[in-house]
Every structure is written in C-alpha cells, then in structure tokens.
Amino acid sequence: MRKIITYGTFDLLHEGHIRLLKRAKALGDHLTVALSTDEFNEIKHKHAYHSYEKRKYILEAIRYVDKVIPEISWEQKSKDVISEEIDVFVIGDDWKGEFDFLRNYCDVVYLPRTKNISSTKIKKDLGK
Ligand code: C2G
C-alpha cells in the first residue's frame, strides 16, 4: 500500500484544498493529512476561522482523506514519515524546496497551487 502524507491548516475549505487532496491521493492508495492544531497555527502566525476539531471533522468527510493526525510542530515531519510508514510527502509548490530534506525518508512532491483562491482571499472578499 503506497501511503501519502500532506500537511496544512485547511481552514474555510475551498477548491484549492480539494484539488490538492485529490491529486495527493492519486499518487497512492492511502492519504494521511497532518492538520495544523490551533496552537501550531499560532506558531505559523495563522488564525483559522474553524477550530482544529471542526477542521478535522470536515477533512474526515472528504473521500480522498483516509486519516487525520495533528500537526503540532515544524519538526515532526520526519518522525511522522517513519511512524506512519509514508512513501510520498506532498504539498503545494508555495513550499517548493522547503521540505527537500525529507527525501532521506520518502519521495517529495510539490504540486502547483490552484490559482485565485485562498482562505485569506475568502476572508478579504467577505470584508472580514
Ligand atoms: N493549496 C493549494 N492551492 C490553494 C491554496 C492551498 O494547492 N489555492 C494547498 C497548499 O499548498 C497546501 C494545502 O493546500 O499544500 C493546505 O493549504 P494551507 O492550509 O494554507 O496550508 P499551510 O498553511 O501552507 O500549511 O507544515 C506545513 C504547513 O502546515 C502547511
């Protein structure tokens, strides 16, 4: 079984997230999402509209997602790849090059981001 992992906040779910998850799952048989906790979002200087529990509930309803684990630190990725027996790490190409060190443990794939959509843009367009 070819196992994939990806990481993110996935707030205010939109087509960019879904397209990322769909393409990630297509690379294997099982997709784990390491979902940023509210505490880790603070470290990322991101404020999610939905709490971790709600963002987890929403992600678990997506057909491409097989498992959701918490992302609590920048440093956990290599441990996760080993403990979850991951074959491929996938993330959007806004992160291109940032996680090449994981090539010691698994394949690393940066996927093109979906243009003209982001949680930040949604909030801005709604005048929040
Ligand atoms: N994404 C995308 N297209 C968009 C918006 C997001 O492909 N228009 C992708 C991102 O590249 C990322 C995933 O969707 O792979 C989740 O996006 P975010 O929730 O913004 O993730 P981020 O805050 O970048 O967290 O340790 C890694 C971080 O946790 C990544």
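What follows draws every value from the coordinates through simple rules; no lab data is involved. None of the values given here were measured: they were computed from a predicted structure. So basically every Cβ, Gly included, is an ideal-geometry build from the backbone, and we count neighbours across all protein chains shown.
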Qualifying residue in region 3-15 (condition: out of contact with any Ser or Thr (no Cβ under 9 Å at 6 or more places or on another chain) and either of a type outside the set (Val, Ile, Thr) or under 25 Å from Gly127 (Cα atoms) (or both)): no
Those residues of region 3-25 which are assigned to a helix (DSSP H, G or I), surrounded by 22 or more Cβ atoms within 10 Å (Cβ to Cβ) and within 7 Å of the ligand (Cβ to nearest atom), in sequence order: His17, Leu20
Leading residue by the ranking (farthest from Val81 (Cα to Cα)) among those in region 26-43 that are crowded, with 22+ Cβ neighbours inside 10 Å and more than 8 Å from the ligand (Cβ to nearest atom): Leu35
Candidates Ser78, Ser73, filtered to the one that is more than 10 Å from the ligand (Cβ to nearest atom), polar (S, T, N, Q) and within 23 Å of Lys46 (Cβ to Cβ): Ser78
